[in-house]
Amino acid sequence: MKTGIVYLVGAGPGDPGLITKKGYQCIEKADVIVYDRLASPRLLTAAKPDAELIYVGKSPDRHAMKQHEINQLLVDKARAGLVVTRLKGGDPFVFGRGGEEAETLVENNIKFEVVPGITSAVAVPAYAGIPVTHRDATSNFAVITGNEDPTKEGSNIAWDKIATGIGTLVFLMGMGNLHLICEKLMQYGRPADTPVALVRWGTRPEQRTLVGTLEDIAEKAKQAEFKNPAVIVVGEVVNLREKLSWFEKKPLYGKRVLVTRSREQASILSRRIEELGGEPWEFPTIRVAEPEDYGPLDKALNQLSSYRWVVFTSVNGVKLFFKRLRTLNKDVRELYGVKICAIGPKTREALENYGLLVDYVPGEYRAEQIITGLEGKVQPGDRVLLPRADIARKILPQALAEMGAQVEDVVTYRTVLSTGNAGELKEMLERKELHVLTFTSSSTVRNFVELLAADNLNELLEGVTVASIGPITSSTAKELGVKVTVEAEEYTIEGLVDAILKSNI
């Protein structure tokens, strides 16, 4: 029987980009993922399709599973010979009860490894512009549980020592005891005007920061209804926030953006959104699939030199064209003497990666502009190959045929409906947790509407910015009852992002 193993992995404070490389690899290879409330759900997209996902999150008023039950769950799954990744917010050994879980594994002779994570005690203040140490303010800091009742007998917290002996105090999970924490610190000598910052949902789009002093922060928090999960920072370093705040100044700060592109293509848009301070939420509505019949494409590839033009309309078309060419034991030399047209800079870039120079790129990236640009270039009798998706618009081959060209429109790949968690998407829209929807093609819109299957579509999208990559996509959205609020002037991913920024959402 295969020997199981448990990886105790720190997922970081919330921003999925803050997980370690090793932690991410543990997610990818896990048979079972046991995850907490504060671990980013986006990390779960890296899991194997057949991985078992088990939620054991805890909130102040509700526990999905008690700690001893979690411990036993890890033992049982490992004993079954499975690779188990225990995904915990922050670092597993910083108030994450990872030590208790490790002890249980040792007692049951279960093999385990610890993968440290970035603790919220340091990362969350940093995202709020607060360094926990600074040469001009303090050279030490302490991380303290905020979940212990400061009034109980036999407290493990040495209030008399930490109140004046440590420069920066970081309390985790302490909002329920905020008033008592402040009282204790002042009682043991910390000045009442000591700066305090509360950072809620740090490193995520929901991040909010409230600043006050030991004397007034509890009342401010009450008035603002400031609740868990939050990190409490006490000390002079809080005064640096006004100067060093960076995350909250990014143009897409606080915005969660739905990316509906195929998973293979989503990374470019997602990365740009993250750079601008937003959180991309990938919900691929389309999936790129192989042609049902390779016959027509293979026939075209076997006689490439007979074509005068090959017109590539997408990056997917380029990749799958050359993938199939290689499968047929051929390479770019088959294109000797053939002129190449590409729609858009990314398609041109993809072709250049194969060492090819593009003869023509239209100024506007849609079929109508290609037709105008190719007039006079394509001569009557020229053979033109269009390696495209199965659902591509017919206007381009029709117009080329009207010029007298011999057009072969060959399916190089299929765009099919993806399978996503439509229920989770609908819940996020209901809770108004999505601020921007992006559509990069007509098929992404059609499949979004089909997957959502909502009778109350207008209600779900109320207050949400809908961004389209161009007029064709916008027209499809309108036909399906989706109101587009932002449309790119340049029909590229960068153009789409620029349009979102100009909309001042």
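The values are calculated or read from the model by the stated rules, or taken from the named source; none is laboratory data. Small disclaimer: the values here were computed from a predicted structure and weren't measured. A quick note on method: Cβ atoms are made from the backbone with ideal geometry, for glycine too, and the neighbour counts reach across all protein chains shown.
When LEU53 is tested against the conditions (1) touching a helix residue (DSSP H, G or I) at 6+ places or on another chain (Cβ under 8 Å); (2) part of a loop (DSSP other than H, G, I, E, B); (3) among the hydrophobic types (A, V, I, L, M, F, W, C), the lone failure is (2). Residues that are surrounded by 19 or more Cβ atoms within 10 Å (Cβ to Cβ) and of a type outside the set (A, V, I, L, M, F, W, C) are absent from segment 421-434 altogether. When LEU258 is tested against (1) in contact with a Pro (Cβ under 9 Å, 6 or more places away or on another chain); (2) over 26 Å from VAL464 (Cα atoms); (3) in contact (Cβ under 8 Å) with a residue 60 or more places away in the chain, only condition (2) is not met. I'm trying to understand the selection: among the residues of segment 100-142, which are of a type in the set (A, V, I, L, M) and within 30 Å of VAL75 (Cα to Cα)? Within segment 100-142, ALA102, LEU105, VAL106, ILE110, VAL114, VAL115, ILE118, ALA121 qualify. A count restricted to segment 481-498 and to residues that are surrounded by 18 or more Cβ atoms within 10 Å (Cβ to Cβ) and under 17 Å from ARG446 (Cβ atoms) stands at 2.
Identify all residues within segment 1-15 that are part of a loop (DSSP other than H, G, I, E, B) and farther than 15 Å from PRO116 by Cβ; write none if there are none.
Those that are part of a loop (DSSP other than H, G, I, E, B) and farther than 15 Å from PRO116 by Cβ: MET1, LYS2, THR3, GLY4, GLY14, ASP15.
Looking at segment 16-44 only, could you name the residues that are out of contact with any Asp or Glu (no Cβ under 8 Å at 6 or more places or on another chain), in a loop (DSSP other than H, G, I, E, B) and of a type outside the set (Gly, Ala, Ser)? Across segment 16-44, the qualifying residues are ILE19, THR20, ASP36, ARG37, LEU38.
Just one of the listed residues (ALA121, ALA197) is assigned to a helix (DSSP H, G or I), among the hydrophobic types (A, V, I, L, M, F, W, C) and either within 27 Å of PRO280 (Cα to Cα) or under 33 Å from the mean Cα position of the chain (by Cα) (or both), and it is ALA121. Tell me whether segment 78-98 contains one or more residues that are farther than 21 Å from ARG263 by Cβ, without any contact (Cβ under 8 Å) to a residue 12 or more places away in the chain and either in contact with a Cys (Cβ under 6 Å, 6 or more places away or on another chain) or not in a loop (DSSP other than H, G, I, E, B) (or both). No, there is no match, as no residue in segment 78-98 is farther than 21 Å from ARG263 by Cβ, without any contact (Cβ under 8 Å) to a residue 12 or more places away in the chain and either in contact with a Cys (Cβ under 6 Å, 6 or more places away or on another chain) or not in a loop (DSSP other than H, G, I, E, B) (or both). The set of residues in segment 421-444 being closer than 21 Å to ILE273 by Cα and in contact with a Leu (Cβ under 6 Å, 6 or more places away or on another chain) consists of MET428, LEU429, LEU434, LEU437. If you go through segment 240-267 and pick out every residue that is surrounded by 15 or more Cβ atoms within 10 Å (Cβ to Cβ) and either part of a helix (DSSP H, G or I) or modelled with pLDDT under 90 (or both), you end up with 9. For LEU417, the criteria (1) touching an Asp or Glu at 6+ places or on another chain (Cβ under 7 Å); (2) modelled with pLDDT of 90 or more hold in every case but one, which is (2).
With respect to VAL196, is the statement that it is in contact (Cβ under 8 Å) with a residue 40 or more places away in the chain and buried (at least 17 other Cβ atoms within 10 Å of the Cβ) true?
yes
Listed by position, the strands (runs of 3 or more DSSP E) enclosed by segment 282-389 that each have at least 3 residues that are within 26 Å of ARG271 (Cβ to Cβ) are 286-289. Among the strands (runs of 3 or more DSSP E) confined to segment 404-494, the ones with at least 2 residues that are within 20 Å of the chain's Cα centre (by Cα) and in contact (Cβ under 8 Å) with a residue 40 or more places away in the chain are located at 436-439.
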